[in-house]
1. For the structure I just gave you, tell me whether Lys67 is of a type in the set (Lys, Arg), near the ligand (Cβ under 10 Å from one of its atoms) and either assigned to a loop (DSSP other than H, G, I, E, B) or not assigned by TED's automatic domain parsing to the domain that holds Asn190 (or both).
2. Might you let me know whether the range 118-137 holds any residue that is of a type in the set (Asp, Glu), in contact (Cβ under 8 Å) with a residue 60 or more places away in the chain and in a loop (DSSP other than H, G, I, E, B)?
3. Do we find that Ala243 is under 18 Å from Lys31 (Cα atoms), out of contact with any Asp or Glu (no Cβ under 6 Å at 6 or more places or on another chain) and either part of a helix (DSSP H, G or I) or touching a residue at least 24 places away in the same chain (Cβ under 8 Å) (or both) in this structure?
4. Picking from Val186, Val222, Val209, which residue would you name as being among the β-branched types (Val, Ile, Thr), in contact with a Lys or Arg (Cβ under 6 Å, 6 or more places away or on another chain), modelled with pLDDT of 95 or more and surrounded by 14 or more Cβ atoms within 10 Å (Cβ to Cβ)?
5. Which numbered condition in (1) closer than 30 Å to Glu102 by Cα; (2) in a helix (DSSP H, G or I) is the only one that Leu257 fails?
6. Please indicate, with yes or no, whether at least one residue in the range 65-82 is under 21 Å from the mean Cα position of the chain (by Cα) and over 30 Å from Ala140 (Cβ atoms).
7. Please verify whether the range 148-159 includes one or more residues that are within 15 Å of Val209 (Cβ to Cβ), surrounded by 14 or more Cβ atoms within 10 Å (Cβ to Cβ) and either aliphatic (A, V, I, L, M) or not assigned by TED's automatic domain parsing to the domain that holds Ile206 (or both).
Amino acid sequence: MTLHELPDLVQGSLEWHDQRRGIVTASVVGKLITVRKLGALDFDCPACGAPANGPCRSKRNPDEPIKTLHPERTPSAQDKVTVIEPASNDESRGLTAALAAERITNYTEPTFMNDDMFRGVEDEPRAIDVYSAKYAPVTATGFMVEDKWGFRIGYSPDGLVGSNGLIEVKSRRQKKQLLTVISDQVPTENMAQLQAGLLVTGREWIDYVSYSGGMHLYVKRVYPDARWQKAIVSAVAAFEANAGQMVALYAEATEGLAPTVRVVEQEMRIA
Ligand SMILES: [Zn+2]
């Protein structure tokens with residue numbers, strides 16, 4: 001279908017939670033993805049001809065698998081690259097269960113804010129002010145959803161820049177700010193969110209803005225990366241299959257069980 005924009009939605013409001021409920025959003029999609037270095041098993045063996053992911057085979061008897069890998073199979077320096085792929089681990093299963101539960105109850109459980117989260121809420125407009133003064137004006141928006149894959153991926157931009165750009169603001173403790181500035185790299189743990197934001201909006205770039213009050217504003221421009229975006233779409237497709245299965249299993253398993261009602265409504269929450 002198409003990109004749906006809800007520019008007037010206030011982030012953190014009940015209506016905003018209604019839009020995000022049960023769907024994968026950019027801020028959590030990283031939990032569905034792993035980044036790992038390629039190892040010997042990711043390659044065919046040049047010594048015995050074993051295919052990738054298969055064991056090496058005896059050179060005398062090709063039908064006989066052996067326990068070790070031929071040394072020739074070790075990836076060469078130029079092959080030592082990372083692979084970005086859908087995760088199957090505690091984090092991905094935890095997120096899948098959390099979103100499947102939201103689909104079942106149509107309710108978003110409150111997340112209580114810690115000090116870092118409060119500081120983030122206060123720092124975001126300060127960071128945007130400094131960014132706007134130095135680089136370009138920023139337009140606030142609410143929520144965007146793209147569903148062209150047959151499922152939805154949501155994104156709450158920290159701001160739109162012109163008609164081609166976005167910003168994603170992070171409020172950081174000073175140690176993290178120092179390390180980010182001197183490495184001059186976006187932390188890996190934020191890349192899935194940035195790439196998902198670019199994927200959902202179809203925009204050309206996103207400025208990663210790292211803010212720590214009293215230190216210099218760090219800005220790094222990030223462009224769409226096909227490897228990341230392919231992994232994101234695959235990971236969310238796998239999530240949809242798993243979440244759908246969990247909802248169905250729940251319906252089956254609860255037949256005949258006693259229903260209950262939720263009594264306490266907590267209002268203070270953030271995603
Ligand atoms: Zn081999």
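The values are calculated or read from the model by the stated rules, or taken from the named source; none is laboratory data. Please read these numbers as outputs of a predicted model, since none were measured by experiment. Every residue, glycine among them, receives a Cβ derived from its backbone with ideal geometry; neighbour counts consider all protein chains shown.
1. Values: of a type in the set (Lys, Arg): yes; near the ligand (Cβ under 10 Å from one of its atoms): no; either assigned to a loop (DSSP other than H, G, I, E, B) or not assigned by TED's automatic domain parsing to the domain that holds Asn190 (or both): yes.
Spelling it out, it is not the case that Lys67 is of a type in the set (Lys, Arg), near the ligand (Cβ under 10 Å from one of its atoms) and either assigned to a loop (DSSP other than H, G, I, E, B) or not assigned by TED's automatic domain parsing to the domain that holds Asn190 (or both).
2. no
3. On the way: under 18 Å from Lys31 (Cα atoms): yes; out of contact with any Asp or Glu (no Cβ under 6 Å at 6 or more places or on another chain): yes; either part of a helix (DSSP H, G or I) or touching a residue at least 24 places away in the same chain (Cβ under 8 Å) (or both): yes.
The answer is yes for Ala243.
4. Values: Val222 fails: in contact with a Lys or Arg (Cβ under 6 Å, 6 or more places away or on another chain); Val209 fails: in contact with a Lys or Arg (Cβ under 6 Å, 6 or more places away or on another chain).
Selected residue: Val186, the only one of Val186, Val222, Val209 that is among the β-branched types (Val, Ile, Thr), in contact with a Lys or Arg (Cβ under 6 Å, 6 or more places away or on another chain), modelled with pLDDT of 95 or more and surrounded by 14 or more Cβ atoms within 10 Å (Cβ to Cβ).
5. Leu257 satisfies every listed condition except (2).
6. Of the residues in the range 65-82, the ones under 21 Å from the mean Cα position of the chain (by Cα) are 81-82.
From what's left, over 30 Å from Ala140 (Cβ atoms): 81-82.
Looking through the range 65-82, at least one residue is under 21 Å from the mean Cα position of the chain (by Cα) and over 30 Å from Ala140 (Cβ atoms).
7. No - not one qualifying residue is present in the range 148-159.
Residues checked against (1) in contact with a Pro (Cβ under 7 Å, 6 or more places away or on another chain); (2) in the same structural domain as Ala238 (by TED's automatic domain parsing); (3) within 16 Å of the ligand (Cβ to nearest atom); (4) assigned to a helix (DSSP H, G or I):
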{"position": "Gln19", "(1), (2), (3), (4)": "no, yes, no, yes"}
{"position": "Lys31", "(1), (2), (3), (4)": "no, yes, no, yes"}
{"position": "Cys45", "(1), (2), (3), (4)": "no, no, yes, no"}
{"position": "Gly54", "(1), (2), (3), (4)": "no, no, yes, no"}
{"position": "Glu72", "(1), (2), (3), (4)": "yes, no, yes, yes"}
{"position": "Pro75", "(1), (2), (3), (4)": "no, no, yes, no"}
{"position": "Leu95", "(1), (2), (3), (4)": "no, yes, no, yes"}
